[in-house]
Amino acid sequence: MVGQKYTVGLLLTGGTIASLYDNEEGAFRPTATLDDMITILATKAFDIDIQSKSILALDSSNIQPKHWKIIAEEAYKIYDDVDGIVVAHGTDTMAYSASAVAFMLQNLGKPIVFTGSQIPAVYPWSDAFRNLADAVRIAAKADLGEVVIAFNGEIHRATRARKIRERAFDAFDTMDPAPLGFLGRSIFLYSSHVHRSKNKPVLDTNLDESVFLLRLFPGMKPSIIEAIVNEGYKAIVIEGFGSGNVPIYENSLLPTIKKIVKDGITVVITTQCPYGQAEPVYEVGKKIIEAGALSGYDMTSEAAVTKLMWILGHTKDPEEIKRELYTSYTGEISKESFAGFTGT
């Protein structure tokens, strides 16, 4: 709308986008500021007022679940006063943080947009300015009411996204079915997105961090699973082969899974494949489900881990955990994926 003034809240958490080279360390370290870039944006985006706040100054590899809570709480504090929120964050664990915030801040009527960069903003060839400018534009003007990741001109649902490239600018992708949209002269959104509304968000930061992510590999001893349980973990996400397959002969996981599920431990099977889903169609997939594991279907491992932390923060009852796991709160799991399956 001509003449309309938008307000965007920008939460700074560190990451590559805000990193400077430390000569003593011989490495990049995150700072708590993006002042120069914010000044340029505020000058060029004449219809958008950017209100920034530094809440963390961490490499995202140092981000812990307690920091997810801080991000969610800070976003909740400013929610009513802005048209949308941007979180500048490191790329390495952005998918985890964005997914966690999506579960802790539900019923959104405005976008919360995570972004960052592959190259620090101090370099003229950095992707930082474009990504931050895109994120600010989305937060201010997009018809979105959910948590997303904006990167390299694409918009990804937080609970569907994953970092798949370490250096290239197109670091993130949506793990099926497709990104929510992209940016050009306008913001283009597909029909699958949640629309902007007058919804009041619900803040719920109760988390139980006792969730373990285990990537299966040939030759892995099943005893490692009992060792994980002995460390106090209450749920294990296992990244299986292909469509959620595991060994059932030599080094079979079946006896161990049966035992720990009987003892009240939740086991969820996802896939190591970047695209696709854990669908128990082969014997090596169905047997693990029959042993008591739950298929994660098309959930990413990042979404499965953060969702289980959020679920365990509210219940320890296995049947309730199962119901909650198969309830789509933020579009993280497709109901059609398991509607016809009778093995769960």
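Hey, what number do you get for the chain at 222 nm if only DSSP H runs of n ≥ 4 count, each worth -39500 (n - 2.57), divided across all residues, to the nearest 500? Could you put the intermediate results ahead of the total?
Values: 9 runs with 94 residues, N = 344.
So the calculated ellipticity at 222 nm is -8000 deg cm²/dmol.
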Margin query: Rounded to whole Å, give me the distance from the Cα center of the range 84-103 to that of the range 131-181.
Written below: 10
Next item on the list: Work through the residues other than T7 whose Cβ is under 12 Å from its Cβ and net out their charges, Lys, Arg +1 and Asp, Glu -1.
Entry: -2
Next item on the list: Pop a pseudo-label 7 angstrom from the Cα along the beta-carbon direction at both Y329 and F182 and give the gap in nm to one decimal.
Entry: 3.2
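Roughly how compact is the range 104-209, stated as its Cα Rg over 2.2 N^0.38 Å to two decimals?
1.10
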Notebook entry, point to check: Can you give the alpha-carbon Rg of the range 6-203 over 2.2 N^0.38 Å, where N counts its residues?
Noted result: 0.93
Notebook entry, point to check: What is the fewest-to-most order of I17, I311, I48 by other Cβ atoms lying within 10 Å of their Cβ?
Noted result: I48, I311, I17
Next item on the list: Could you calculate the contour length gain from K322 to A227, that is, 0.36 nm times the residue separation minus the distance between their Cα atoms, to one decimal place in nm?
Entry: 31.9 nm
Note to self: Less than 20 Å from a label point 7 Å out along the Cα-to-Cβ axis of K262: which backbone N atoms in the range 289-317 qualify, by residue?
What the structure shows: 289-294, 317
Next item on the list: Could you pull out the pairs from K221/K258; K5/K66; K77/K141; K66/K286; K44/K110; K44/K141 whose alpha carbons sit more than 25 Å apart here?
Entry: K5/K66; K66/K286
Next item on the list: Excluding residues on the same chain fewer than 8 positions from K53, give the aspartates and glutamates whose Cα lies under 15 Å from its Cα.
Entry: D35, D36, E73, E74, D81
Item checked: Cut-off 18 Å, label 7 Å out along Cα→Cβ of D22, residues of the range 108-144 by amide N -> 120-122
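What ranking do 320-331, 211-222, 231-242 get when scored by the average of other Cβ atoms within 10 Å per residue, highest first?
Highest-to-lowest ranking by the protection proxy: 231-242, 320-331, 211-222.
Which number do you get for Rg(Cα) / (2.2 N^0.38 Å) in the range 211-337? Please report the intermediate quantities before stating the final value.
On the way: Rg = 13.3 Å, N = 127, 2.2 N^0.38 = 13.9 Å.
Rg over 2.2 N^0.38 Å, computed on Cα atoms: 0.96.
Taken together, the values in this text are just the output of simple stated rules run on the coordinates, not laboratory data. Quick caveat: nothing in here was measured; it's all calculated off a predicted structure. Every residue, glycine among them, receives a Cβ derived from its backbone with ideal geometry; neighbour counts consider all protein chains shown.
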